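A short write-up of the structure that comes next.
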Amino acid sequence: MTTHLFGQITLEHSYPNGKWETSMVKLSNSGMKYQWVDVSTGELKLYNLDHSLFKRMTFPVLPNGTNTEVGNVSETTFDLDANIEFMVYYQDDNNWANSVTKIIDESGAVLLNATSETPSINTYDGIYGAIFNTPNGTKMILDNHSDNAAKVYSLPGTLIATAIKTPNYMNEDFLKSYPNPAKNYIYLAYTFPPNIREAQVSIYNIQGQLVKTYTIDNNYQELLIDTQEFSNGTYLCQIQSSDIKIASTKFIVQK
């Protein structure tokens with residue numbers, strides 16, 4: 001007689017009206033939480049892993065916002081106190097100049113009201129890709145739709161809280177750069193994780209500004225970059241496929 005044992009998959013919890021609005025975040029001090037958002041009422045709730053309520057926060061509802069997103073929920077990014085702050089992005093598809101980005105703390109106080117500005121769409125993934133830790137501190141890039149400028153904001157803290165969406169490899173074995181420092185050119189030797197066939201290479205200067213982008217695939221394992229048009233300085237190179245961050249490296253251009 002043979003006995004077969006199977007692991008049982010069970011429904012643990014259901015968040016009413018949570019379709020497309022439920023995710024997870026990792027806070028630097030308080031750990032992992034479930035995040036639930038109701039943009040129609042301006043409500044953000046964080047739940048502990050046992051699904052008990054951890055925090056309830058509110059944010060304004062703007063009538064002209066055709067798309068509203070909440071992200072970058074953090075305890076240490078936008079200021080250095082013990083409270084939680086988060087970003088709310090109101091997109092107006094009818095007139096982008098009416099779009100707004102707000103930074104709000106758990107008391108409802110607005111720390112930043114950036115009119116006509118939205119998270120930089122040239123970065124990783126909308127609202128989740130607008131903030132970067134750099135050697136010169138933490139930077140936030142917002143695109144201004146009134147004057148078409150990219151506005152770089154310095155933040156007092158660091159980006160530690162992250163939206164948990166997909167694997168984040170960020171393994172230095174996937175990316176090497178040489179020669180470093182570079183003069184007229186630099187090679188990027190890369191390896192893709194399994195099941196990834198194509199990715200984007202993004203190069204940022206020390207101010208956090210996007211300098212160059214390249215598309216690479218797994219048919220090759222090396223990219224030659226002409227650095228003659230680069231100014232002397234330190235650059236950050238990152239490889240990403242969709243919303244999967246694969247690897248990053250720094251290199252110096254010194255002519």
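Where a number appears in this text, it was derived from the coordinates with a stated rule and is not lab data. For clarity, every value in this text was computed on a predicted model and none was experimentally measured. Please note: Cβ atoms are built from the backbone with ideal geometry, for glycine as well, and neighbour counts cover all protein chains shown.
Of all stretches in the chain that contain no GluC sites (Glu not before Pro) in a DSSP loop with at most 11 other Cβ atoms within 10 Å, the longest one is 13-228. Between the listed residues P179, S231, L11, the Cα displaced farthest toward the positive end of the dipole of the chain, a dipole computed from Cβ unit charges relative to the Cα centre, is found at P179. The mean sequence separation of alpha-carbon pairs under 8 Å and at least six residues apart, normalised by the residue count of the chain, gives a relative contact order of 13 percent.
Running a GNM on the chain with Cα contacts under 10 Å, which residue among A149, A114, A97 ends up with the highest mean-square fluctuation? Evaluated over the chain, the most mobile residue of the options is A149. In summary, the chain shows an alpha-carbon radius of gyration equal to 1.15 times the 2.2 N^0.38 Å reference for compact globular proteins.
Which of the residue pairs K33/K212; K151/K245; K55/K250 have a Cα-Cα distance greater than 27 Å in the structure shown? Those over the limit are K33/K212; K55/K250.
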